[in-house]
1. Examine region 30-44 for a residue that is over 13 Å from the mean Cα position of the chain (by Cα) and surrounded by 14 or more Cβ atoms within 10 Å (Cβ to Cβ), and state whether such a residue exists.
2. Among the candidates Leu55, Leu63, which residue alone is in contact with a strand residue (DSSP E or B) (Cβ under 7 Å, 6 or more places away or on another chain), at pLDDT 50 or above and more than 24 Å from Arg94 (Cβ to Cβ)?
3. What helices (runs of 4 or more DSSP H) lie completely within region 59-115 and have 2 or more residues being of a type in the set (Asp, Glu) and at negative phi?
4. Taking the condition surrounded by 12 or more Cβ atoms within 10 Å (Cβ to Cβ), of a type in the set (A, V, I, L, M) and either free of Cβ contacts under 8 Å to residues at least 60 places away in the same chain or closer than 30 Å to Ser26 by Cβ (or both), does Val68 pass?
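The values are calculated or read from the model by the stated rules, or taken from the named source; none is laboratory data. Because the structure is predicted, anything quoted here is derived from the model rather than measured. In this analysis, Cβ positions are derived from the backbone assuming ideal geometry, glycine residues included, and neighbour counts consider all displayed protein chains.
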Amino acid sequence: MNANLALAERSTYTVAVRETSTEGESVDAFFRAKFVFIVPMLVVSVGSFITLATLAGFGKDTLVQKIVGPLNVGFLFIICDYGLILALAVIYLRVARAVFDPIADKLRSCAGEPA
């Protein structure tokens, strides 16, 4: 139900912006650009999590190998997974501020909404 509401709001917003947009910016292009950027990041983050979970279930002998002192492959993989998620979040924030926010501001101004 929430997805249907979001789609209805988006289509209404798209129609309003298409009618008033003069600078060639399109809501569809905006959502497509975000989709193209977000999906690979999502695939990488979920893929690393699923790999870790699969190794924890089926590759326990690989994860328990010691590296240095109490640090083993499993702990190192978890630390790297957290680092990956943090890096992806920072990358998204920087791209959103530099690319997506200015486009969204233009679309809002074309639709007559306050920025």
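1. Yes - at least one qualifying residue is present in region 30-44.
2. Details: Leu55 fails: in contact with a strand residue (DSSP E or B) (Cβ under 7 Å, 6 or more places away or on another chain).
On inspection, the qualifying residue turns out to be Leu63.
3. Working: elements: 60-63, 73-95, 101-111.
Result: 101-111.
4. Values: surrounded by 12 or more Cβ atoms within 10 Å (Cβ to Cβ): no; of a type in the set (A, V, I, L, M): yes; either free of Cβ contacts under 8 Å to residues at least 60 places away in the same chain or closer than 30 Å to Ser26 by Cβ (or both): yes.
When the stated conditions are applied, Val68 does not pass them.
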